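Just below is one structure, and these are the notes that go with it.
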Amino acid sequence: MKQNTIIDLRRLFTLALLLFAVLLSGTQNVQAQSTSFDNIKQIKAGVLDIGYAEVGPSTGEPVILLHGWPYDIHSYTEVATLLAAKGYRVLVPYLRGYGSTRFLDANTPRNGQQAALAMDVIEFMNALRIDKAVLGGFDWGARTADIVAALWPQRVKALVSVSGYLIGSQQANKAPLSPKAEQSWWYQFYFATERGQKGYEANRRDFNKLIWQTASPQWHFDEATYTQAAASFDNPDHVAIVIHNYRWRLGLAIGEARYNELEKKLAGAPAITVPTVTLEGDANGAPHPDPAAYKAKFTGKYAHHTITGGIGHDLPLEAPKAFADAIVEADGLAK
């Protein structure tokens with residue numbers, strides 16, 4: 001009888017341990033879900049009402065992560081979770097023309113030029129009273145982060161830029177590329193036509209899925225991952241911003257006079273002086289410069305990493321740990 005009692009007690013203890021493990025697992029799942037981007041905040045900043053996700057302690061070192069086209073803030077879901085666990089305050093805004101970001105005035109030009117997107121980041125920081133932050137980005141987001149770092153270095157503690165130095169100008173874009181390079185920019189020429197604008201308006205989800213596939217040829221993303229991001233393309237200004245961005249690059253659309261001085265500075269290809277880590281995926285199918293071509297543009301503390309394993313254009317989503325590690329590394333370079 002005593003032996004049976006001991007066995008029963010052991011069984012009860014084992015069951016209690018199992019129950020505790022299940023409850024702990026549930027708690028961990030709740031914590032993981034709390035770092036998702038389901039709760040989108042809004043803040044009026046400059047000409048926009050910007051939608052953004054915020055993860056991590058409010059007192060943490062601020063990190064601002066910028067997405068590109070045709071992607072959205074969910075490229076950074078796992079990156080944000082990793083950085084929040086290290087104590088960073090991570091902010092991921094929707095760019096103009098994406099998600100819940102809206103123009104405050106219906107009469108504001110739907111301008112996609114590079115200086116406008118960079119000014120959006122400065123206004124976002126001002127609205128949140130963030131004096132200085134670590135910036136990270138890919139695609140349009142990398143170009144925007146590069147511009148902020150180049151023009152307002154006092155606002156950038158450190159930088160992580162996928163594909164390195166992406167600052168351009170209308171003058172530089174007048175120079176023709178090799179036939180192979182021109183072919184990789186096919187959508188830029190498509191968008192230069194009225195047919196292209198109408199085609200993108202009518203088929204934006206299928207169009208952008210094709211870009212995902214060609215820009216990351218070895219990444220087999222699932223439908224749920226794409227659908228989550230594709231919802232941001234339903235923004236009423238999305239098509240106008242995308243079309244203007246690519247037409248402006250080719251000098252086929254004018255920008256706003258308020259950005260003229262900034263564009264003059266950018267046309268000079270200014271050096272980036274803040275501590276920087278650049279990244280490249282080993283299977284990036286989108287047009288991108290060779291790392292050797294832009295190394296000299298980063299004149300502060302600098303490191304470059306090529307991430308292997310079939311990593312394509314959406315590097316933060318495809319290799320989140322590598323991107324999060326780069327943010328920590330860049331922050332370390334600044335200390």
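A compact table of results
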quantity: Karplus (6.51, -1.76, 1.60) ³J(HN,Hα), θ = phi - 60°, over region 300-308, in Hz, Gly and Pro reported as x; calculated: x, 4, 8, 8, 10, 9, 9, 8, 9
quantity: Globularity index of region 109-200, i.e. its alpha-carbon radius of gyration over 2.2 N^0.38 Å; calculated: 1.28
quantity: Amide H contacts of Glu61 (H built 1.01 Å from N, under 5 Å, at least 5 apart or other chain); calculated: Arg89
quantity: Residues Val162, Val274, sorted so that the one with the fewest Cβ neighbours within 10 Å comes first; calculated: Val274, Val162
quantity: Per-residue HN-Hα couplings for region 100-108 [Karplus 6.51, -1.76, 1.60; θ = phi - 60°; Hz; x = Gly/Pro]; calculated: 8, 6, 9, 7, 6, 10, 4, 8, 5
quantity: At 1.306 mPa s and 10 °C, Stokes diffusion of region 179-335 via Kirkwood alpha-carbon radius, µm² per second; calculated: 88
quantity: Cα shape, region 274-335, gyration tensor, a/c 1.5 rule; calculated: oblate
quantity: Note, ³J(HN,Hα) from phi for region 231-237, Karplus 6.51, -1.76, 1.60, rounded to Hz, x at Gly and Pro; calculated: 4, 5, 6, 7, 3, x, 9
quantity: Net charge, Pro275 excluded, C-beta distance under 12 Å - Lys, Arg +1, Asp, Glu -1; calculated: +1
quantity: Cross-link pairs Lys132/Lys321; Lys157/Lys209; Lys209/Lys297 - those with Cα-Cα distance over 30 Å; calculated: Lys157/Lys209; Lys209/Lys297
quantity: Relative contact order %, the chain, counting alpha carbon pairs below 8 Å whose residues are six or more apart; calculated: 21
quantity: Amide H contacts of Leu48 (H built 1.01 Å from N, under 5 Å, at least 5 apart or other chain); calculated: Leu104
quantity: Cut-off 14 Å between beta-carbons: net charge of the residues surrounding Gln154, Lys and Arg +1, Asp and Glu -1; calculated: +2
quantity: Ascending count of other beta-carbon atoms within 10 Å, so fewest first, for Leu317, Leu104; calculated: Leu104, Leu317
quantity: Cut-off under 5 Å, modelled amide H: who pairs with Leu66 long-range; calculated: Gly136, Gly137, Phe138
quantity: Cα Rg over Rh - the chain, Kirkwood; calculated: 1.06
quantity: Sorted by Cβ density within 10 Å, fewest first, the residues Glu54, Glu223; calculated: Glu223, Glu54
quantity: Calculated log₁₀ intensity ratio I(q)/I(0) where the Debye formula runs over C-alpha points of region 59-169, q = 0.19, 0.20, 0.21, 0.24 Å⁻¹; calculated: -0.99, -1.10, -1.21, -1.53
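FYI, it's all coordinate maths here, none of it is from the lab. A quick note: this is a predicted structure, and the numbers were derived from the prediction, not measured. So basically every Cβ, Gly included, is an ideal-geometry build from the backbone, and we count neighbours across all protein chains shown.
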